[in-house]
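Written out below as structure tokens is the structure these notes cover.
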Amino acid sequence: MNRQLNEVLGAVRQQLEGVEVERRAAGAGRMASVHAKVDGKPVGGISLDRRSYDGRAVLAVANIRILRPHRGKGLGKLLYREASRWAREMGLPLASDTVMEPAVEQGWKARAARGEAEEIVVRQGRPGEYGAGRAYVEV
């Protein structure tokens, strides 16, 4: 089992070799983004926005996009990790209240189960509506 896991992790590391990550702050520091490039060409990015949930300042994920040929290679995780690192450097927790794909939501739920994140109610809304009902915030 460990051998299979090491092979999978090695393959993921190999796929991420050559990926350049770039941070960009915009305006008065309210908006920010992290971009992934391969061979100098953009292949994905995560947009971030300073927000307040119940009086708690957070750096929230506004959206994440990865070009179709580059999906399933770990770029989303790489972008989330870099966004989380940047948020911690700013003294803010990373949060997400966007409508999530099942894999992303599953990742946040797993982090919450390990005590690394918490689920909070941000506002009432219809299921599937942007920002509806809940958010996940790093602790």
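No value in this document is a laboratory result; all are computed from the given coordinates. Please read all numbers here as calculations on a predicted model, not as lab measurements.
Each residue of region 86-92 was assigned a 3J(HN,Hα) from its phi angle through the Karplus expression (A = 6.51, B = -1.76, C = 1.60, θ = phi - 60°), giving 5, 4, 4, 4, 7, x, 10 Hz with x at Gly and Pro.
Of all lysines in the structure, those lying under 27 Å Cα to Cα from Lys109, and not within fewer than 8 positions of it along the same chain, are Lys73, Lys77.
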